[in-house]
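Quick notes on the structure that follows.
Every read-out reported here was derived from the displayed coordinates using simple, explicitly stated rules and does not represent laboratory data. Owing to the predicted nature of the structure, the values given are computational and were not obtained by experimental measurement. When we count neighbours, we look across all protein chains shown, and the Cβ atoms used for this are built from the backbone with ideal geometry, even at glycine.
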Amino acid sequence: MALQQKGMHGTWASRWTFIMAATGSAVGLGNMWKFPYVAGINGGGAFVLVYLGCILLIGVPVMMSEVLIGRHGRQSPVNSMKETVTDSNANSKWRYVGWIGVLAGLLILSFYAVIAGWALDYILLMSSGELQGVNGSGAGAAFENLLASPLRLILWQTVFLGLCVAVVIGGVKKGLGLAVETLMPLLFVMLIILLGFSFFKGNFQAAFDFLFSFNLDALSWRGVLEAMGQAFFTLSIGMGAIMAYGAYMPQDANIGKTVLIVAFFDSAVAIISGLIIFSIVFATPGLEPSAGPGLMFISLPVAFGSISGGLLIGATFFILVSIAAWSSAISLLEPCVAWLMELKNLSRAKANLIIIFITWVLGLGSVFSFNIWSDYSFMGFNFFDFLDFLTANIMLPISGLFITLFVAYVIKSEIVSFEMQGTSGVILNLWRIAIRFIAPFAISLVFIMGVYDKFFS
């Protein structure tokens with residue numbers, strides 16, 4: 001058994017490139033869109049506290065496990081898992097875990113591109129002045145008009161997927177590496193600019209108090225489960241992305257320290273996004289932090305449209321959201337492309353075009369869910385809702401759970417020792433406790449409750 005494999009796709013230029021790439025994968029719509037509204041619904045500070053705890057106890061340990069497998073195998077998640085299973089003399093059925101993650105990533109990308117297209121559309125809506133002085137009903141009508149137009153949605157879906165191809169086609173160093181080294185610093189600069197705007201123009205104090213006043217009475221057990229789920233999904237766990245990026249990680253990079261840095265950046269973006277959004281919301285009469293999924297596309301345009309210079313800042317905000325979505329989407333595309341290259345010995349360009357075409361066709365189902373297929377449903381799901389439920393509530397928890405169990409109880413100790421070289425004994429012991437006991441329990445709970453809520457509550 002060769003402990004150090006040589007990958008066919010190359011490696012990141014440096015440890016920091018991997019950190020930027022993994023942060024880019026983790027930072028997406030989950031941080032910019034979902035985290036603020038979920039925190040708003042669950043009372044703010046108490047939710048944030050539990051969320052951060054879950055990041056440390058669940059998210060980080062599982063992410064470390066994915067990186068470990070990816071770096072050992074040095075291939076796509078499918079083949080890295082297969083390689084690690086073989087080297088561990090384990091039951092061959094464990095290799096299917098890699099398939100679950102890659103397939104989940106492909107399905108997620110198909111509808112993720114549609115949602116990201118909304119953000120692209122809103123860049124033009126905000127910058128054109130169309131939403132100047134708009135009220136709640138007007139903002140709602142603008143969003144409904146977008147969803148009602150299949151051609152408009154397909155246009156932006158296609159543009160977004162084209163942006164993803166433009167990056168992934170360049171390979172690890174010239175494509176992915178160059179993109180994240182550009183996009184992530186830009187994202188952080190724009191975050192700071194928007195944070196400054198919200199500090200001077202919004203009600204920053206109210207937003208800060210809301211996010212950091214730890215009133216546990218405001219948090220229900222369902223909110224705790226939401227925090228668990230958000231912590232798990234925000235780090236791109238279970239969908240092949242982190243395992244694929246781990247395959248390109250330099251051998252001398254410390255997995256424990258590196259993943260902790262990624263988790264810190266990811267959490268910081270989520271919290272800063274919350275401060276920005278809630279500062280604007282609290283400064284606008286009639287808007288509530290508990291507005292739910294419509295917070296970004298209905299409530300915020302009302303807020304930006306009512307503030308001096310708000311439309312420019314609003315356009316900047318949606319550029320920021322689009323960059324975050326872009327950096328995440330390329331991490332969903334890469335595992336599929338890498339696998340197809342390995343399977344058929346295809347060029348990166350051909351593999352990209354094949355995968356992106358499949359993704360685009362699947363995405364049409366999500367596009368039509370909001371308009372011409374809106375009256376059709378199966379078991380209470382339209383096409384979009386079905387893919388969302390299947391991936392978020394079934395595939396990702398199963399993938400993450402089996403990855404955790406494999407690394408905790410099956411993988412050869414020699415592989416773990418080799419890949420975790422340089423990790424401090426304290427972090428190593430805490431990681432082992434987390435993947436053996438805490439993470440499997442928490443992931444199983446999220447999985448069971450997700451299914452129960454949908455079919456039995």
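The count of lysine pairs in the chain whose Cα atoms are under 21 Å apart, excluding pairs fewer than 8 places apart on the same chain, comes to 12.
Relative to the longest principal axis of the chain, what angle (0 to 90°, nearest 10) does the C-alpha long axis of helix 45-54 take? The helix 45-54 is inclined about 10 degrees to the chain.
In nm, give the distance between the simple-model label positions of residue 288 and residue 127, each being 7 Å from the Cα along the Cα-to-Cβ direction. So the label points at residue 288 and residue 127 sit 3.5 nm apart. Phi angles of region 90-104 translate, via the Karplus equation with coefficients 6.51, -1.76, 1.60 and θ = phi - 60°, into HN-Hα couplings of 8, 4, 4, 5, 4, 5, 5, 4, x, 5, 4, x, 5, 5, 4 Hz per residue; Gly and Pro are given as x. Full extension of the segment from residue 374 to residue 417, taken as 0.36 nm per residue of separation minus the current Cα-Cα distance, would add 10.2 nm. A crude spin-label estimate for the pair residue 16 and residue 220, with each label 7 Å from Cα along the Cβ direction, gives 4.6 nm. Kindly state, to the nearest 0.05, the FRET efficiency for residue 354 paired with residue 182, given R0 = 22 Å and r defined as their beta-carbon distance. Efficiency at R0 = 22 Å is approximately 0.25. Here the sum of -39500 (n - 2.57) over DSSP H runs of 4 or more residues, divided by the residues of the chain, equals -22500 deg cm²/dmol at 222 nm, to the nearest 500. Extension gain for residue 346 to residue 409 (0.36 nm times residue separation, less C-alpha to C-alpha distance): 19.1 nm. Set against the labelled values (i) 29.6, 126; (ii) 35.2, 147; (iii) 21.2, 66, Rg and Dmax of the Cα atoms in Å computed from this structure falls on (iii). Working from label points 7 Å from Cα in the Cα-to-Cβ sense, the residue 96 to residue 361 distance is 2.5 nm. Assuming charge only on the beta carbon of Lys and Arg (+1) and of Asp and Glu (-1), the dipole of region 161-246 about its Cα centre is about 320 debye to the nearest 20. When both region 120-154 and region 82-115 are represented by their alpha-carbon centers, they are found 37 Å apart. In this calculation the C-beta distance from residue 173 to residue 394 is compared with R0 = 35 Å, giving a FRET efficiency of 0.50.
Residues of region 250-267 with backbone nitrogen within less than 19 Å of a virtual label 7 Å along the Cα-to-Cβ line of residue 432, please, listed as ranges. Of the residues in region 250-267, 255-257 have backbone N under 19 Å from the label point off residue 432. Take every Cα pair under 8 Å whose residues are at least 6 apart in sequence, average their separation, divide by the length of the chain, and the relative contact order is 35 percent.
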